[in-house]
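Asker: I am attaching a structure below and will ask some questions about it afterwards.
The values are calculated or read from the model by the stated rules, or taken from the named source; none is laboratory data. Worth saying up front: this structure is predicted, and the values here are computed from it rather than measured. All Cβ positions, glycine included, derive from the backbone under ideal geometry; neighbour counts span all protein chains shown. With ligands, DNA and RNA removed, areas are computed over all heavy atoms of the protein, side chains included. Shrake-Rupley method; radii C 1.70, N 1.55, O 1.52, S 1.80 Å.
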Amino acid sequence: MADIDVKQLAGRIDTVLDILVAGDYHSAIHNLEILKAELLAADAAGQLPPQSAPKTPWEI
């Protein structure tokens, strides 16, 4: 990911949610792992803004 496109990211999350609703948990987890790897790579390349917001209640 060169730049983070919020609409594209939201669309990919919607796709994962659709996969979960369909009951294909393996594919949903695989897609989330790919997305996570891409986001971590973008963060390592300095393309993401630093996180300053506190974690939300549902985050571990």
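Asker: Can you work out which of the residues in the range 8-26 that are more than 12 Å from the chain's Cα centre (by Cα) and charged (D, E, K, R) is least open to solvent (accessible area, probe 1.4 Å)? Walk me through it before giving the result.
Answerer: If we filter the range 8-26 for residues that are more than 12 Å from the chain's Cα centre (by Cα), which is where we start, we get 18-26.
Next, only the ones that are charged (D, E, K, R) stay: 18, 24.
Numbers: Asp18: 103, Asp24: 69 Å².
Residue satisfying both the conditions and the ranking: Asp24.
Matching residues to (1) part of a helix (DSSP H, G or I); (2) out of contact with any Leu (no Cβ under 6 Å at 6 or more places or on another chain); (3) at pLDDT below 90:
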{"residue": "Asn31", "(1), (2), (3)": "yes, yes, no"}
{"residue": "Leu39", "(1), (2), (3)": "yes, yes, yes"}
{"residue": "Ala42", "(1), (2), (3)": "yes, no, yes"}
{"residue": "Pro54", "(1), (2), (3)": "no, yes, yes"}
